[in-house]
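See below for the structure under consideration.
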Amino acid sequence: MTRSIAWQDGAIEAVDQCALPHEYRTLRLSTVDEVIDAIQRLAIRGAPAIGVAGALAVALSARAHTRDGVCDEIAVRTEARRIADARPTAVNLSWAVRRVVDKLGGGADAVLAEAVAILVEDEERNRAAAGEAAKLVRRLCGPEPLRLLTHCNTGRLATVAWGTALGAIRLLAGEGHVTEVLFGETRPLLQGARLTAWELAEAGIPHRMLVDSAGPAALAAGMVDCVLVGADRVCANGDVANKIGTYSLALAAARAGVPFVVVAPESTLDTTLRSGADIVIEERAPAEVTAFGGVEVAPPGTGVFNPAFDVTPAELVTAVVTESGVFRPTGTAEERAS
Ligand code: MRU
């Protein structure tokens with residue numbers, strides 16, 4: 001499977017997620033501003049993918065600010081802050097930027113080596129997390145073929161390769177354990193309709209799309225054996241931020257007695273935050289909601305609330321699964337010390 005993001009001849013190459021499903025094309029990004037723009041437009045999106053892009057963007061910065069073998073660390077740190085702030089909710093972005101900035105003392109080559117290490121690890125860790133999640137789903141749901149529900153896109157496009165929740169679905173399908181995958185279209189930017197549908201078709205996995213508001217009805221109607229989603233940030237108490245619409249699926253899953261499993265690499269855990277109340281939820285432009293396919297659908301001047309993510313409380317989550325197995329919420333380091 002080809003990687004969705006790579007370092008190639010001094011620049012970042014990434015699948016343009018805005019062009020899919022109509023066109024599969026690659027962006028070549030060679031400046032920090034181009035990477036920030038790609039992250040903010042969601043041409044590169046998904047928590048692990050933006051982490052990797054952010055780390056590689058710091059490498060671009062370090063190379064651009066190196067003269068005669070000397071790196072201007074102040075300039076790079078200033079750009080690194082802008083990169084980390086490009087989107088606020090997925091912790092993977094600031095985590096990855098911090099990890100490479102810590103290597104600045106070793107110069108631009110050390111920064112690039114660390115960014116490439118994050119890229120390589122991302123594929124390995126997501127495959128491992130997906131494997132752990134697939135095992136758990138089989139334990140929770142038994143040997144019968146499964147009807148699964150997912151949301152947004154958590155596949156190879158949202159990561160370097162393979163995917164998290166969609167990676168687990170790939171594994172289960174490969175073992176003949178999947179009858180059907182339902183997925184929400186994921187309003188307003190249609191990551192489900194455009195990207196998950198494309199990935200499931202590519203993988204040959206049977207699937208049907210739902211309007212987002214039909215997810216709870218599908219759960220109530222007994223059409224789903226397990227919900228599998230990704231995450232943008234998981235707090236010390238196990239609260240989970242993920243794409244808007246995840247919370248309503250978790251509520252409906254709890255009501256229907258259906259397992260609700262979150263799959264994410266450990267880079268998505270943020271045990272510095274006590275609970276989901278501390279997570280900054282990105283709000284996006286009203287224009288994403290007031291128009292559809294370029295056609296205005298709301299009267300001019302209509303007020304809009306357009307959060308990109310919501311928070312699912314830990315009590316609605318059956319398990320958060322990482323590459324190390326099931327995450328056990330233990331509180332923040334401060335709470336553990338007190
Ligand atoms: O706004 P997006 O498309 O970046 O949101 C992505 C999600 O919410 C994903 O579920 C999450 O990042 C996990 S991707 C493996």
(message) For a quick check of your reading: which helices (runs of 4 or more DSSP H) sit entirely within the stretch 201-290 and have at least 2 residues that are buried (at least 24 other Cβ atoms within 10 Å of the Cβ) and touching a residue at least 60 places away in the same chain (Cβ under 8 Å)?
(response) 215-220, 246-256
(request) List the number of the failed condition for Ile36; all other conditions in (1) outside any helix (DSSP H, G or I); (2) within 16 Å of the ligand (Cβ to nearest atom); (3) over 15 Å from the mean Cα position of the chain (by Cα) hold. (result) (1)
(message) So in the stretch 64-93, with the set limited to residues that are buried (at least 18 other Cβ atoms within 10 Å of the Cβ) and of a type in the set (D, E, K, R), which one is nearest to the ligand (Cβ to nearest atom)?
(response) Arg87
(message) Could you tell me how many of the residues in the stretch 131-159 are near the ligand (Cβ under 10 Å from one of its atoms) and closer than 17 Å to Thr318 by Cα?
(response) 2
(request) May I ask you to list the residues in the stretch 293-330 that are more than 30 Å from Gly131 (Cβ to Cβ), in contact (Cβ under 8 Å) with a residue 60 or more places away in the chain and not in a loop (DSSP other than H, G, I, E, B)? (result) Pro307
(request) Mind listing whichever residues of the stretch 39-71 are part of a loop (DSSP other than H, G, I, E, B) and among the β-branched types (Val, Ile, Thr)? (result) Ile44
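None of the figures in this text is laboratory data; all of them are computed from the coordinates on show. It should be emphasised that the depicted structure is a prediction, and the values quoted were computed from it without experimental measurement. As a convention, Cβ positions derive from the backbone with ideal geometry for all residues, glycine included, and neighbour counts pool all protein chains shown.
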